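Presented below is the structure to which this report refers.
The values are calculated or read from the model by the stated rules, or taken from the named source; none is laboratory data. If you're wondering where the values come from, they're calculated on a predicted model, not measured in any experiment. When we count neighbours, we look across all protein chains shown, and the Cβ atoms used for this are built from the backbone with ideal geometry, even at glycine.
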């Protein structure tokens, strides 16, 4: 079950997907905010979102799981 | 009756206005516009712009030595070198040296970018500036406002307004100035290099860093002491975790208070008489040159390091070796993600970026030691 990890530490600015959404390679799933800059996080492989582990405003560390995709 | 009226007219500032004053008003209005409408470094540009305006209103004597209000701010704050170190205290309490501790070789990038300073120093000498002036202009390439003010106020106080404004202006213009240079000096392939996760940094390392760095730098270049001691004290406040109140006071209240007096005093040095000379225009040109050369030097340094490294670094992070925290790191991140959307260079670029702050202070201290 592929997990989308946070590549940098920051705050979750926007969550663009919900559980059950079909996603494809390179879709924007989450936008993180770090040092006042928005960084979109892209999907690594296609599938269905089975779990969203963060909500807007959460702070995340590098390596934290953001989204789980089946 | 007529005499009273005449007296009133002659004692008003309006009759003493010069054309130069009017030009400075215009400069002030442009800076106010950039600060308010474009939000270019508004925290500094706004008080600077207002400072320019008020000292170009004749007969107010705000900058009259031993007499004017703003002169006291300038004298005690800047001439006696109190404000720049206090700003550094606040910066220290805000800066996260973690990425530098995790990847200490990025210190070389922060040092490499300072090569631009020395190139500009010699260029300025060639163009007829004296050594003290040339050093003050060259330090603009370090893209660090307080250090520029610190050095200029000691070596060439008559240029203070010009060097400070150009340092802050170019910092705000990082996203415009740096990318062309980055693209010119790196290949598409290099920009795509993804860097692995930074190693975790322990609390003990974070606490030791400011103490060890302060000792090492001050033992090597004692003239760096005012800036480095305050920077590292602020950082120790932050990392020790036991004096949150002091850390917050240094990075918020104290920082904000001294910023007001810094901006106003710097602006107030820019009277028509000192500012409107061809020399000043040239400072802006040479400052830009310094900035561009420093960016290039950092990029080239990174490429040289790659010749020896097994795990290649993305050479873009070399451009963050100019201080401008965190603008330069943001810019690196953006250019990197344009080449490869899965490239997240932000934290990797923060290493050389914070190293650049230390590098610029050391460079300034060396210039000060030899020329002061």
(Q) Can you confirm whether residue B:164 is assigned to a helix (DSSP H, G or I), crowded, with 23+ Cβ neighbours inside 10 Å and within 16 Å of the chain's Cα centre (by Cα)? (A) yes
Q: List the strands (runs of 3 or more DSSP E) that sit entirely inside the stretch A:1-51 and contain at least 2 residues that are under 9 Å from residue A:69 (Cα atoms).
A: A:3-5
Q.
Against the conditions (1) free of Cβ contacts under 8 Å to residues at least 12 places away in the same chain; (2) farther than 29 Å from residue B:63 by Cα; (3) within 22 Å of the chain's Cα centre (by Cα), where does residue B:231 fall short? Just the number, please.
A. (1)
Q: Kindly indicate whether any position in the stretch B:128-138 is buried (at least 20 other Cβ atoms within 10 Å of the Cβ), over 20 Å from the mean Cα position of the chain (by Cα) and either touching a residue at least 40 places away in the same chain (Cβ under 8 Å) or within 18 Å of residue B:226 (Cβ to Cβ) (or both).
A: yes
**Q.** Members of the stretch A:1-28 that are more than 14 Å from chain B (Cβ to nearest Cβ), crowded, with 19+ Cβ neighbours inside 10 Å and more than 17 Å from residue A:45 (Cβ to Cβ)
**A.** A:12
Q | Among residues of the stretch B:181-227, those that are more than 14 Å from every other protein chain (Cβ to nearest Cβ), surrounded by fewer than 11 Cβ atoms within 10 Å (Cβ to Cβ) and in a loop (DSSP other than H, G, I, E, B), counted | A | 1
**Q.** Boolean, residue B:325 is in contact (Cβ under 8 Å) with a residue 12 or more places away in the chain, crowded, with 24+ Cβ neighbours inside 10 Å and closer than 29 Å to residue B:163 by Cβ
**A.** no
Q: Give B:317, B:300 a once-over and let me know the one that is at pLDDT 95 or above and within 14 Å of chain A (Cβ to nearest Cβ).
A: B:317
Q: Taking residue B:273 as the residue in question, decide whether it is touching a helix residue (DSSP H, G or I) at 6+ places or on another chain (Cβ under 6 Å) and either under 20 Å from residue B:140 (Cα atoms) or in a helix (DSSP H, G or I) (or both).
A: no
**Q.** Tally of residues being in contact (Cβ under 8 Å) with a residue 60 or more places away in the chain, closer than 25 Å to residue B:171 by Cβ and over 21 Å from the mean Cα position of the chain (by Cα) across the stretch B:6-52
**A.** 2
Q.
With under 26 Å from residue B:98 (Cβ atoms), in contact with a strand residue (DSSP E or B) (Cβ under 7 Å, 6 or more places away or on another chain) and more than 14 Å from chain B (Cβ to nearest Cβ) as the only criterion, which of A:54, A:49 stands out?
A. A:54
Q. Since residue B:60 meets every condition but one in (1) in a helix (DSSP H, G or I); (2) touching a residue at least 24 places away in the same chain (Cβ under 8 Å); (3) under 30 Å from residue B:133 (Cα atoms), which condition does it not meet?
A. (1)
Q) For the stretch B:1-29, which residues satisfy the criterion of being surrounded by 13 or more Cβ atoms within 10 Å (Cβ to Cβ) and closer than 21 Å to residue B:265 by Cα? A) B:20, B:21, B:23, B:24, B:25, B:27, B:28, B:29
(Q) When you scan the stretch B:46-56, do you find a residue that is touching a helix residue (DSSP H, G or I) at 6+ places or on another chain (Cβ under 8 Å) and modelled with pLDDT under 90, even just one? (A) no
Q: Please determine, by comparing only the residues of the stretch B:337-372 that are assigned to a helix (DSSP H, G or I) and within 11 Å of another protein chain (Cβ to nearest Cβ), which one is nearest to residue B:226 (Cα to Cα).
A: B:353
